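Asker: The structure is given below, and queries will be raised subsequently.
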Amino acid sequence: MDKVFENFRHIFQTPFQSSVLVFALILFIILLAPLLFRRIKIPGIIGLILAGVIIGPHGLNLIAKNSAIDLFSTIGLLYIMFLAGLELDLKGFSDYKHKSLVFGFFTFMAPLLIGYPVCRYLLEFSFETSFLVSSMFATHTLVTYPIVSRLGISRNEAVGITVGGTMLTDTAVLIILAIISGSVSGEITLNFWIKFSISVLLFLSIVLVLIPKLATWFFRNFEGEKNSHFIFVLAMVFLAAFLSELAGLEPIIGAFAAGIALNRLIPHTSSLMNRLEFVGNSLFIPFFLISVGMLINLSVLLEGPHALIIAATLTIVALIGKYIAAWLTATIFNYSKANRNLIFGLSSSHAAATIAVIMVGFRIGIVDTNILNGTIVLILVTCLVASFVTEHSAKKVLITDKFNAPVLESIRDQKILVPIYNPNNMERLLDLAIAIKNPKNRFPIVSLSVVEDDLEAKHKLVEAKKMLERAIVHAAAVDQDVEIISTISQNVPSGIKRVATEIFATEIIIGFALKSQFTDILFGNLIKYIVENTTQAVWVCSISPHLSQRKKIVVICPRYADREYGFNLWLDRVFRLSATLKVPCEFLSTPQTFQRVKEYQQTSKIAITLQHVEFTDWNNFMEISAYIEPSDLVIISLPRNGGISYKINQEGIPRLMARNFENYDFILIYPNEVEENPEMMFTDDFEKSLIDEGLNKLSNKARSLTGIFRKK
């Protein structure tokens, strides 16, 4: 017994020594921290940084800052810079490269000119220390870049010039760091400059010329090796980072350069891009954010006024310098206030290069402990400020900037997926799918049954196929084609997600089912899983068999619903449903949203009757009862978390509808998250073997028919 107790105590001794326990704890933080902080309207990035503070050596000391943590942190940092280069709109960047130069100049010089006098004369640092610390103010890390990427404005001009300016200023600062390091060690000579220039030119030649040629050859000759594509890209990223280090630059420069080099070779709609973003955003980038928090020691603020003054001064100067740079850039190029704040938010967070500069200075002896601790506090505060400002201003950009307003995207061929897990709902869900389907659409409706992988899976699969055959008979009665798929998966939601991806579904129609188990409260039910883990439009339906007897469709839209990417897609389906049922559409929305509705009706030329009631008070959502009748079909547009029209109180609407409108027919629509791309089904990642197989079968059939006619 004593041995068991001793073993138990050893396992939970802090910092944790068990690598399994450490990794499990970090995964739980990555899972729960963003969810919890988004619930209280705080960006998930902040949750990860603060979690790092709590579990780190200066907090509860649960996890030590060891080589394993440093490895994953480095990968996450390089991933941020790589994705920034990969998602950069090179065509757009070429149009405003001069603007990036201007912003890069301002974001480098403004903090430097403000920081040097403060460090030299107010804080009384030495010349080398003042110059190094003030150049550190000029650096910034794109910690908040995932926010603009998630909101879909990564190709916005303000974002583009900020990313370009980031590399210019960070490169300049890191060159200064190399110069200061060389001057302290007495290595700054003509020979140093010659070697440095040659190494940088060789690095750029290899990364920007040889790597794209090698990638083109690899993708062409190993087209079917999809997993190898992913590994190849990662290998090129770390090779470029290593070459950058050999050239005397920081590895982040190499990672960004690799992203630019591979930019044109990896389509934004490809499965390879999806894998790269998924792995980075799910694991490595959160790891980096947690490791940043682990560096922070808040107790330094209690060590006396001197440490507090240094920390406060460094933080204020860093923020002021970056704001002035953003203000000057926005003034010169006549940017809106939202774009100015977006530039400031993206460029105000200090982490990667800042740590690199200060740690090198600390190692060579020109930076003391107070400056090091003050810099760590600066990192925390600037990351917090940057997260709030970026999220707020990015949504403002989507709302106010005319060149960011979603265009009327083309409504491509539909591929409707109808998962069936309640046989009683099958016919009514199929009727809805038929009603919103374009008669000219060449794809059949896909009816799906997912069987959980257990001992009875084979028997359940047979029963599922029998059930789905009823769908074919039901659809045939109205001359519609239905394709049935029955599959086995570890669980139903993941099976639905997988099939939706495989068939390139445009929307998923599922029946409304609400559970109240504890696991559903914590992680969400089947519907919540599908909504949070797919990008297709999701229609959650609670409808009766008498859909054709509805007298009116009432569509309830949140403020700025028309700014969501999927607005036109679901609006097209609702218009088609209204025309099929021959009933008017009444919109409860803002006047701006209804104006977009009318514009789309004119563009689509769908002849239906439109009505409007202004409705904006979603805090008192139950007031909709004054506008709807039991004979109406109620449709509610609910954006996903992170959408421009998303509000936290919308999370409770499904429960409100289930509890208070159980006798009404209603549909909850979660719009698609990304722009519809009519070329998506014909990318390089499309399974060409299926096309080839079909062509071969047609060719063989033709040859056999020719032989028959010849015999005759």
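The values are calculated or read from the model by the stated rules, or taken from the named source; none is laboratory data. From a predicted model like this one, the values you see are computed outputs, not experimental measurements. FYI the Cβ positions are ideal-geometry reconstructions off the backbone, even for glycines, and counts take in every protein chain you see.
Asker: Please work out if Gly152 is in contact (Cβ under 8 Å) with a residue 60 or more places away in the chain and farther than 22 Å from Phe388 by Cβ.
Answerer: no
Asker: How many residues are assigned to a helix (DSSP H, G or I) and hydroxyl-bearing (Ser, Thr, Tyr) if we restrict to the range 101-145?
Answerer: 8
Asker: I'm trying to understand the selection: among the residues of the range 146-155, which are among the basic types (Lys, Arg) and outside any loop (DSSP other than H, G, I, E, B)?
Answerer: Of everything in the range 146-155, just one residue is among the basic types (Lys, Arg) and outside any loop (DSSP other than H, G, I, E, B), namely Arg150.
Asker: Oh, and also: Please identify the pairs in which a residue from the range 594-615 that is assigned to a helix (DSSP H, G or I) has its Cβ atom under 8 Å from the Cβ atom of a residue that is of a type in the set (D, E, K, R) and buried (at least 16 other Cβ atoms within 10 Å of the Cβ), counting only partners at least 6 apart or on another chain.
Answerer: Final answer for the pair search is Arg596/Asp562; Val597/Asp562; Tyr600/Asp572; Ser604/Asp572.
Asker: Give the range 217-247 a look and list any residue that's assigned to a loop (DSSP other than H, G, I, E, B) and surrounded by fewer than 19 Cβ atoms within 10 Å (Cβ to Cβ), or say none.
Answerer: Within the range 217-247, Phe222, Glu223, Gly224, Glu225 meet the criteria.
Asker: If you go through the range 580-596 one residue at a time, do you hit one that is surrounded by 18 or more Cβ atoms within 10 Å (Cβ to Cβ) and charged (D, E, K, R)?
Answerer: yes
Okay, residues lined up against (1) within 12 Å of His612 (Cα to Cα); (2) charged (D, E, K, R); (3) free of Cβ contacts under 8 Å to residues at least 40 places away in the same chain:
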position	(1), (2), (3)
Arg550	no, yes, no
Val555	yes, no, no
Pro558	no, no, no
Tyr565	no, no, no
Arg573	no, yes, no
Arg576	no, yes, no
Thr580	no, no, no
Pro584	yes, no, yes
Thr590	yes, no, yes
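Asker: Being out of contact with any Gly (no Cβ under 6 Å at 6 or more places or on another chain), at pLDDT below 80 and buried (at least 17 other Cβ atoms within 10 Å of the Cβ) is the filter here, so list the residues in the range 180-208 that pass it.
Answerer: Ile180, Ser181
Asker: Further question on the same structure: Inspect all residues belonging to the range 619-628 and state whether any of them is on the phi < 0 side of the Ramachandran plot, among the aromatic types (Phe, Trp, Tyr) and surrounded by fewer than 16 Cβ atoms within 10 Å (Cβ to Cβ).
Answerer: yes
Asker: So if I check each of Val367, Val317, Val377, which one is buried (at least 21 other Cβ atoms within 10 Å of the Cβ), outside any helix (DSSP H, G or I) and modelled with pLDDT of 75 or more?
Answerer: Answer to the check: Val367.
Asker: Follow-up question, since we're still on this one. Just to verify a result, which residue in the range 9-28, among those that are closer than 26 Å to Val279 by Cβ and in contact with a Leu (Cβ under 7 Å, 6 or more places away or on another chain), is surrounded by the fewest Cβ atoms within 10 Å (Cβ to Cβ)?
Answerer: Looking at residues that are closer than 26 Å to Val279 by Cβ and in contact with a Leu (Cβ under 7 Å, 6 or more places away or on another chain), I get Leu25.
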